[in-house]
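No lab work stands behind these numbers, since they all come straight from the coordinates. Note that this is a predicted model, so its numbers are computed, not measured. Don't worry about glycine lacking a Cβ; one is built from the backbone with ideal geometry, like all the others, and counts go over all protein chains shown.
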Amino acid sequence: MTVIVLSGPIGAGKSSLTGILSNYLGTKPFYESVDDNPVLPLFYADPKKYAFLLQVYFLNTRFHSIKDALTEDNNVLDRSIYEDALFFQMNADIGRATPEEVDTYYELLHNMMGELDRMPKKNPDLLVHINVSYDTMIKRIQKRGRPYEQLSYDSTLEDYYKRLLRYYKPWYEKYDYSPKMEIDGDKYDFMSSEEDREVVLDQIVDKLKEVGKLPMDWNKSTDIQIEA
Ligand SMILES: Nc1ncnc2c1ncn2[C@@H]1O[C@H](COP(=O)(O)OP(=O)(O)O)[C@@H](O)[C@H]1O
Ligand SMILES: Nc1nc2c(ncn2[C@H]2C[C@H](O)[C@@H](COP(=O)(O)O)O2)c(=O)[nH]1
């Protein structure tokens, strides 16, 4: 069994690369609950009121996905549960959670992570982190077009997104639950350029070989599923 998780800021390309990668490797994609998430639009309309509820919602859905992913066969997840605290801490730091909500959240997170420790497989096999600059992030958010994520919806979103990028750098550096690698999301347009897509997939395949999750002589034409 091999579990790959994607990480990165909003609009970095996680869902897109999850689809491309799982299709390429012949594995199952697991997507974050976004378009069917009833709390997300509420959060963007009134962040202070809904930050805690949204976090509990995401934590719950992420916990479900990761439990499935860690018990099923090979798969790719479009965001890691390890990013959950990054989002909540950032929101708490800008005054969107009470001290009681902060304490309750961390206790809940601790309990849930304790449950994961009891799973036969505790951690993913590889984290693929997509790095993007602020300009790229905004272009992609515009391209995707969710109204409540647009800068025109709320003038404080510029600061929120810039802050999010600042939180991601130390988060990635500290991350040590599994081997990890970075993809340059500014440089590679893996959506429209076949050449760029190949480069990115090659980088991931090379890393999977390096960490012993693909045979060294694997190539797509051999059509072998990633190794248990
Ligand atoms: N590397 C890329 N090059 C060009 N467009 C991209 C790239 N990655 C994602 N996109 C586009 O940006 C938007 C956001 O991508 P998405 O995969 O939803 O990001 P995330 O899941 O990280 O929030 C989508 O419209 C997608 O087509
Ligand atoms: N406050 C939080 N917001 C979150 C969290 N995880 C995702 N999100 C938001 C950000 C986007 O608006 C949307 C989808 O995220 P993508 O990165 O997939 O575009 O949901 C979170 O934990 N807390």
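Structure above, values below:
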read-out: Gaussian network model of the chain, springs between alpha carbon atoms under 10 Å - residue of Thr98, Thr61, Thr18 with greatest fluctuation; value: Thr98
read-out: Most mobile of Glu32, Glu115, Glu100 in a GNM of the chain (Cα contacts under 10 Å); value: Glu100
read-out: Normalised contact order of segment 3-211, rounded percent, pairs of Cα under 8 Å and 6 or more residues apart; value: 29 percent
read-out: Radius 12 Å from Cβ of Glu72, net charge of other residues (Lys, Arg +1; Asp, Glu -1); value: +1
read-out: Cut-off 15 Å between beta-carbons: net charge of the residues surrounding Glu101, Lys and Arg +1, Asp and Glu -1; value: -3
read-out: Extension reserve of the Asp73-Asp202 stretch, reckoned as 0.36 nm per residue once the Cα distance is removed; value: 44.2 nm
read-out: Full-stretch length increase - Lys174, Glu210 - with 0.36 nm per residue and alpha-carbon distance subtracted; value: 10.9 nm
read-out: Rough spin-label spacing in nm, given labels placed 7 Å along Cα→Cβ, for Glu115 and Glu158; value: 4.2 nm
read-out: Charge-dipole axis of segment 3-211 as Lys and Arg at +1 and Asp and Glu at -1 on Cβ define it, positive-most pick from Gly185, Pro38, Pro120; value: Pro38
read-out: Within segment 1-28, backbone nitrogen closer than 16 Å to the virtual label 7 Å beyond the Cα of Asp135 toward Cβ; value: none
read-out: FRET efficiency estimate (nearest 0.05) - Cβ-Cβ, Lys122 to Val102, R0 22 angstrom; value: 0.30
read-out: Anchor Lys121: lysines whose Cα lies under 18 Å away (excluding residues fewer than 8 positions away in-chain); value: Lys28, Lys67, Lys180, Lys213
read-out: Considering only segment 3-211, percent of DSSP beta bridges that pair antiparallel, nearest 5; value: 0 percent
read-out: Between segment 169-220 and segment 1-47, the Cα center-to-center distance that results, in Å; value: 17 Å
